[in-house]
Structures are given as structure tokens and as C-alpha cells.
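Any read-out appearing in this document is the output of simple, stated calculations on the displayed coordinates, not a laboratory observation. Being a predicted model, the structure only gives us computed values, none of them experimental. Neighbour counts are summed over all protein chains in view; Cβ atoms, including those assigned to glycine, are modelled from backbone coordinates with ideal geometry.
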Amino acid sequence: MAKVQYHIYFVELSKRVFSENRKFREANPQFNGVLECLYVGMTSKTPKERFEQHKTGYRNKKGYKISSNIVEKYGMYLRPSLYNHINPIATRAEAVKMEETLALELRRQRYAVWFN
């Protein structure tokens with residue numbers, strides 16, 4: 001059986017997310033309105049498969065929604081130029097840490113970013 005590999009991915013969000021979603025706005029007080037709004041995620045699927053799950057409101061076999069409402073409503077497209085050089089990542093723990101590290105770095109650069 002093939003070993004699971006993890007992937008970091010970035011989704012560009014519509015800037016409407018900043019004006020329409022209070023939690024997103026509160027999480028990004030540094031946002032200057034100029035740079036992009038982004039979602040940073042990690043997955044054991046391909047970024048394309050995971051993006052499609054978000055856009056369709058995917059639920060797992062137990063019926064739990066495992067897609068992001070923010071990506072479902074505001075996600076426009078994947079930004080592979082931001083993640084292709086990072087992937088794949090060997091372990092889930094490394095991917096979780098990388099997701100947070102990259103999201104916080106983008107916030108320091110004044111992007112508006114959402115991650116889990």
C-alpha cells in the first residue's frame with residue numbers, strides 16, 4: 001500500500017469575504033485591502049480534489065461536513081505557484097505545522113488569510 005503524502009494548498013478568495021464575514025475580518029486586522037485574501041489548507045488528497053470538495057460542501061461517510069464554508073462561498077481558484085515547491089510533505093504533523101507557519105507568514109506580509 002502506498003504511503004500517504006500530504007499537500008499544502010492555497011485558494012484565492014473573493015475580497016467580499018473581508019466585508020461579509022466578521023470572523024474572517026477579525027482574524028485579519030493587518031489586512032491593507034491591497035493584497036489577496038487567501039485560504040491555506042493541508043490535505044492527503046491532491047489540492048485540486050480538496051478544492052472541489054470545498055466547493056461542493058463535501059460531507060464524509062458519517063455525514064459530517066469537512067469542507068470550509070469560507071472556501072465554499074468565496075473560493076475562486078487554487079494558487080499552485082504558492083505551494084508547488086512545498087509539496088509533498090511526508091507526515092500529517094509536518095503538514096499541520098507548515099499550514100500554520102505559512103498562513104501566519106502571509107498575515108505578517110499583510111495578506112488576509114484563513115486556516116484551520
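The charge dipole of the chain, taken about the Cα centre with unit charges on the Cβ atoms of Lys, Arg (+1) and Asp, Glu (-1), comes to about 360 debye, rounded to the nearest 20. The string of couplings for the range 48-60 from the Karplus curve (6.51, -1.76, 1.60, θ = phi - 60°) is 4, 4, 5, 4, 4, 4, 4, 5, 9, x, 3, 10, 6 Hz, one whole number per residue in order, with x for Gly and Pro.
Rounded to the nearest 500, the 222 nm mean residue ellipticity of the chain from helices alone is -10500 deg cm²/dmol, with -39,500 (n - 2.57) taken per DSSP H run of at least 4 residues. Note on Asn60 and Glu12: the extension gain reaches 14.9 nm, defined as 0.36 nm multiplied by sequence separation minus the Cα-Cα distance. Think of the chain as having a plus end and a minus end, set by charges on the Cβ of Lys, Arg, Asp and Glu; of Tyr64, Val4, Ala93, Tyr64 sits farthest toward the positive end of this dipole. Quick one: work out Rg over Rh on the C-alpha atoms of the chain, Rh as Kirkwood radius. With Rh from the inverse mean 1/r over Cα pairs, Rg/Rh is 0.97. Each Cα pair under 8 Å and six or more residues apart adds its separation to the average, and for the range 7-114 the resulting relative contact order is 44 percent. Would you mind checking the tilt of helix 92-108 against the longest principal axis of the Cα atoms of the chain, expressed as 0 to 90 degrees and rounded to 10? Its long axis makes an angle of about 20 degrees. Each residue of the range 81-86 is assigned a 3J(HN,Hα), and the resulting list reads 5, 8, 10, 4, 6, 8 Hz, derived from the Karplus form 6.51 cos²θ - 1.76 cosθ + 1.60 (θ = phi - 60°), x at Gly and Pro.
Given their separation in residues at 0.36 nm each and the Cα-Cα distance between them, Thr101 and Glu49 gain 16.4 nm when the chain is fully extended.
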